Amino acid sequence: MNGSCIIKHFEHYSPLSDSDKALLDSLEKGPKSYVKGTTVWDQGSSSDHFYTVKNGWAFSHRVLEDGSRQVLDIFVPGDIVGLREFAFNKRVSGLTVMSDAELCAFPKTRLTEVFAESVVLCNIFFMIAARDQAILLERLVNLGRRSAREKLAHFLVEIFERLKKTNSDVGARSKLPLTQPMLGDALGLSAVHVNRVFRELKDEGLISPGKGDVELLDIKGLEEVAHFDHTYLQEDIDDMLEQARKLQSGSNRRAQH
């Protein structure tokens with residue numbers, strides 16, 4: 001149970017009871033390994049599972065009729081992938097791993113059992129969905145209203161903050177496996193535009209571009225460039241979870257009588 005992908009992820013938000021851990025552990029499948037560049041699923045395929053990223057990185061994407069690609073999101077170790085498609089039978093986007101990775105599958109149809117048996121877990125699932133929605137809304141603002149320089153700085157800071165949330169060993173400087181073409185596809189920028197902004201940020205000592213990655217040297221400096229507001233990444237459901245625990249405890253006591 002200690003090696004469970006989803007339990008580890010959920011405990012970043014709140015401690016779990018033994019019964020909640022046992023419930024999640026009984027439904028989760030063991031990790032499956034994927035080689036860098038492997039497509040885990042295609043757009044339009046059956047959406048019968050969601051996944052937790054145990055190790056490695058992945059990205060979701062849509063391929064348009066002209067062959068161009070839009071990167072929709074980047075997933076870091078600890079993230080849950082595919083939960084947005086809970087209400088759909090088919091995948092609305094593809095998923096590809098951008099490094100060697102391990103993903104743990106969780107059958108979507110079993111979520112009803114989780115919701116029925118644990119008010120606490122239901123609240124955490126809802127919080128994760130709400131957080132994903134907030135990230136998408138901020139992404140719209142980033143794509144529509146910020147300059148290329150602000151877009152790139154904002155995106156890098158967001159990925160760093162998400163990585164730090166679920167990985168306690170992340171330091172003040174971090175190397176992200178993000179290429180310039182991928183960043184262009186994520187932000188709607190041409191390769192020339194991304195390269196120019198990279199040179200600017202490098203000259204200012206904010207980043208150090210590598211071969212297939214980028215090292216963030218000055219997070220505070222990038223935040224200033226992006227005018228970064230952390231509000232949309234600072235979820236707080238402690239009060240709701242405390243109420244959920246009380247409801248669950250009362251329900252358990254009634255069931256015992």
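The values are calculated or read from the model by the stated rules, or taken from the named source; none is laboratory data. Given the structure is predicted, the values throughout are model-derived calculations rather than measurements. When we count neighbours, we look across all protein chains shown, and the Cβ atoms used for this are built from the backbone with ideal geometry, even at glycine.
Brief remarks on what is shown
- Residue within region 196-203 that is surrounded by 12 or more Cβ atoms within 10 Å (Cβ to Cβ), under 20 Å from the mean Cα position of the chain (by Cα) and assigned to a helix (DSSP H, G or I) present: no
- The one condition in (1) out of contact with any helix residue (DSSP H, G or I) (no Cβ under 7 Å at 6 or more places or on another chain); (2) more than 21 Å from Arg69 (Cα to Cα); (3) of a type in the set (Gly, Ala, Ser); (4) in contact (Cβ under 8 Å) with a residue 12 or more places away in the chain that Ala172 fails to fulfil: (1)
- Scanning region 208-216 for residues that are among the polar types (S, T, N, Q) and either surrounded by 18 or more Cβ atoms within 10 Å (Cβ to Cβ) or modelled with pLDDT of 95 or more (or both) turns up at least one hit.
- Restricting attention to region 50-71, the residues that are within 14 Å of the chain's Cα centre (by Cα), without any contact (Cβ under 8 Å) to a residue 60 or more places away in the chain and not in a loop (DSSP other than H, G, I, E, B) total 8.
- Lone unmet requirement of (1) part of a strand (DSSP E or B); (2) of a type outside the set (Gly, Ala, Ser); (3) within 15 Å of Asp100 (Cβ to Cβ) for Pro77: (1)
- Residue in region 102-115 that is under 23 Å from Cys5 (Cα atoms), assigned to a strand (DSSP E or B), touching a Leu at 6+ places or on another chain (Cβ under 7 Å) and touching a residue at least 12 places away in the same chain (Cβ under 8 Å) present: yes
- Region 140-150, subset without any contact (Cβ under 8 Å) to a residue 60 or more places away in the chain and part of a helix (DSSP H, G or I), residue nearest to Thr112 (Cα to Cα): Leu140
- Within region 87-113, being closer than 15 Å to Leu136 by Cβ and either at pLDDT below 90 or surrounded by fewer than 19 Cβ atoms within 10 Å (Cβ to Cβ) (or both) holds for one residue alone: Val92.
- Enumeration of residues in region 49-85 that are surrounded by fewer than 14 Cβ atoms within 10 Å (Cβ to Cβ) and acidic (Asp, Glu): Glu65, Asp66
- Screening Ser26, Ser14 for residues that are surrounded by 13 or more Cβ atoms within 10 Å (Cβ to Cβ) and of a type outside the set (Lys, Arg) leaves exactly one candidate, Ser14.
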